[in-house]
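Before any comments, here is the structure.
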Amino acid sequence: MERLDKFLSVRSGMSRKEAQKRIKSGEVTVNSEVCRAADFKVNPGTDAVALRGQAVCADEHIYIMLNKPAGVVSATEDRHDRTVLDILPPELRRKGLFPAGRLDKDTEGLLIITDDGDFAHRMLSPKKHVEKRYIAQIDGEITEDMIRAFERGITFADGTECQPARLEIVPNSGGMSGIVTICEGKYHQVKKMFSVVGRKVVHLQRISIGNLYLDSNLPIGNAKKLTKLDIDAIFVGNIH
Ligand code: URA
């Protein structure tokens with residue numbers, strides 16, 4: 001059982017004080033009845049809490065798919081730029097959200113935002129071998145030599161070794177776009193890998209993490225809540 005004001009503040013991202021104010025003013029219902037007692041005990045598993053008629057999600061954790069646009073940073077706060085949290089719609093906001101992994105400011109596509117640290121760790125650990133797939137548009141043609149170099153494992157100028165990666169040419173792209181599959185998340189990894197083979201990435205988009213694919217109906221800059229099934233897909237076929 002959980003206090004109503006705590007339940008509301010944790011799940012909606014508002015402060016405890018703000019939650020208490022909303023409860024006192026009669027904006028909150030529990031099982032369709034107005035409840036004005038901040039210390040009322042709710043059962044998150046069975047009680048339906050609503051704020052101004054909008055159901056407040058009772059799940060312990062939330063998982064959000066964002067189709068990240070270019071120009072926002074993968075951080076919880078930033079002095080200069082808008083962050084991926086700033087562009088979430090109010091109904092998906094809550095306390096403790098963070099991006100599970102980073103995309104560069106100019107990279108677009110699939111980003112998961114959550115408040116579940118254990119899940120993020122599981123997804124991001126290179127030991128778990130969760131494949132991340134990117135479409136990279138580059139400034140020249142992809143050659144067989146490059147595909148083999150990715151397969152062997154690229155070494156950066158500073159000696160950092162990458163694990164073997166898959167590089168496939170996107171059909172009908174004139175050889176100028178590739179799908180890159182990696183299991184790691186080194187800083188600027190895809191751009192640096194192409195740089196080692198003499199190519200510059202001009203556009204980068206992440207299209208999948210494990211078996212979870214970017215929803216092609218989700219416009220750039222939009223977000224949606226993921227189901228448990230979506231989240232499980234990330235680890236499907238992953239034996240680690
Ligand atoms: N690799 C990059 O270079 N940038 C990203 O944003 C993600 C992977």
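The values are calculated or read from the model by the stated rules, or taken from the named source; none is laboratory data. Everything numeric in this text was worked out from a predicted model, so none of it was measured. Virtual Cβ from ideal backbone geometry, glycine too; neighbours counted across all protein chains shown. Accessible surface areas use protein heavy atoms only, side chains included; no ligands, DNA or RNA. Shrake-Rupley method; radii C 1.70, N 1.55, O 1.52, S 1.80 Å.
Brief remarks follow.
- Check on Ile182, assigned by TED's automatic domain parsing to the domain that holds Phe119 and either more than 12 Å from the ligand (Cβ to nearest atom) or surrounded by 15 or more Cβ atoms within 10 Å (Cβ to Cβ) (or both): no
- Residue within segment 154-165 that is surrounded by fewer than 20 Cβ atoms within 10 Å (Cβ to Cβ), part of a helix (DSSP H, G or I) and acidic (Asp, Glu) present: no
- Of everything listed in (1) away from the ligand (no atom under 16 Å from the Cβ); (2) over 28 Å from Ile220 (Cβ atoms), the single unmet condition for Gly140 is (2).
- Positions within segment 150-179 being more than 12 Å from Glu131 (Cβ to Cβ), of a type in the set (A, V, I, L, M, F, W, C) and within 16 Å of the ligand (Cβ to nearest atom), in sequence order: Phe150, Ile154, Phe156, Ala157, Cys162, Leu167
- Test: residue in segment 61-71 that is away from the ligand (no atom under 16 Å from the Cβ), more than 29 Å from Glu131 (Cβ to Cβ) and free of Cβ contacts under 8 Å to residues at least 60 places away in the same chain: no
- Total residues in segment 54-85, condition open to solvent by 70 Å² or more (accessible area, probe 1.4 Å), assigned to a loop (DSSP other than H, G, I, E, B) and small (Gly, Ala, Ser): 0
Yes/no per residue for (1) of a type in the set (A, V, I, L, M, F, W, C); (2) within 19 Å of Asp104 (Cα to Cα):
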site	(1), (2)
Ser177	no, yes
Glu184	no, yes
His188	no, yes
Phe194	yes, yes
Val202	yes, yes
Asn217	no, no
Asn222	no, yes
Leu226	yes, no
Ile234	yes, no
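- Hey, Ser195 in a helix (DSSP H, G or I) and of a type in the set (S, T, N, Q) or not: yes
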